[in-house]
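A.B. asks: If you scroll down you'll find the structure; I have some questions about it.
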Amino acid sequence: MTKALIEMKNVTKIFETEELETHALRDIDLVINQGDYVAISGPSGCGKSTLLSIMGLLDFASKGEYILDGTNATQLTLDQAAEIRNSKIGFIFQSFNLIDELSVFDNVALPLRYHTDKPSNSELSERTKECLEKVKLSHRIKHSPNQLSGGQQQRVAIARALVANPAILLVDEPTGNLDSKSGDQIMDLLTDLNDKGTTICMVTHDPRYADMAKTRIQLLDGKILRAPKSSQNS
């Protein structure tokens, strides 16, 4: 039976000031199953990044229920959210967020150094090299990020997102800072990872890339226009 990794029921997000109340998300119902590849698209300001932030426990819903890999995330403390986020979620951002002072190896290994179940040095080394092999950057292991092209830096960021073996990758505009050739290569890599079993939820403004996902969600004014159907059989 297919395992649900993300379940949202009536999730609403309201940003409030003294003078204004803004509904960023309205009654979102969403299920993402293990092995899915889901693209979230829609116009600027429609709620895409807010939805991804709530999925990634970087923010919390104003109301509604969110279950992440069997854990009810609605009532978590900040510390509990951080622990679950570090163990279950891999993030890939538009701005690669690499640390220039660290080598490619140390950038990729970083999540493992802060993981709840900290691995031994040999396990850390083996897992880091394994993930760099997946993105075909083993030959750059001793370089610093500023010695790499934009596409290579995004590959390092993908390896870093994979290194702690997360339940799901949350991907925010992964090609936004890349030329079209590098962007296509990154998207091919994500497709290959999904074909090998990695669960992916991606925000993208590019309809070409959104169509590469198995299912597609369109947001408008904080509401889902088309909900995804699972690509996996129960």
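Bear in mind these aren't lab numbers, they're just calculated from the coordinates by the rules spelled out. It should be emphasised that the depicted structure is a prediction, and the values quoted were computed from it without experimental measurement. Counting neighbours? That spans all protein chains shown, and the Cβs are built from the backbone with ideal geometry, glycine included.
A.B. asks: Can you give the convex hull volume per residue for the Cα atoms of region 88-180, as a whole number of Å³? Mind showing how you got there, number by number?
C.D. replies: Numbers: hull volume 8.5 nm³, N = 93.
For region 88-180, the hull spanned by Cα atoms encloses 91 Å³ per residue.
A.B. asks: Explain nothing, just the number: relative contact order of region 1-74, from Cα pairs under 8 Å at least 6 residues apart, as a whole percent.
C.D. replies: Values: 126 pairs, mean separation 29.0, N = 74.
Over region 1-74, the number comes to 39 percent.
A.B. asks: Return the loop-located GluC sites (Glu not before Pro) in region 31-121 (DSSP other than H, G, I, E, B) with at most 13 other Cβ atoms within 10 Å of their own Cβ; answer none if there are none.
C.D. replies: Hits after loop and neighbour filter: E101.
A.B. asks: Find how much the distance from T74 to D27 grows on full extension, using 0.36 nm per residue of separation minus their present alpha carbon separation; answer in nm with one decimal.
C.D. replies: That pair, T74 and D27, stretches by 15.5 nm at full extension.
A.B. asks: Report the extension gain between E133 and R113 in nm, rounded to one decimal, defined as 0.36 nm multiplied by the number of residues separating them, less their alpha carbon distance.
C.D. replies: 5.2 nm
A.B. asks: What do you get for trypsin sites (Lys or Arg not before Pro) in region 45-137 restricted to DSSP loop and a cutoff of at most 16 other Cβ within 10 Å of the site's Cβ?
C.D. replies: Passing both the DSSP loop test and the Cβ count: K136.
A.B. asks: Moving on. Compute the whole-percent fraction of alpha carbon pairs in the chain spaced more than 22 Å apart. Spell out each step's value before the answer.
C.D. replies: Working: 14345 of 27261 pairs.
Percentage above 22 Å: 53.
A.B. asks: Also, I was wondering about something else. Restricting to Cα pairs below 8 Å that are 6+ residues apart, what does the relative contact order work out to for the chain? Please round to a whole percent.
C.D. replies: 31 percent.
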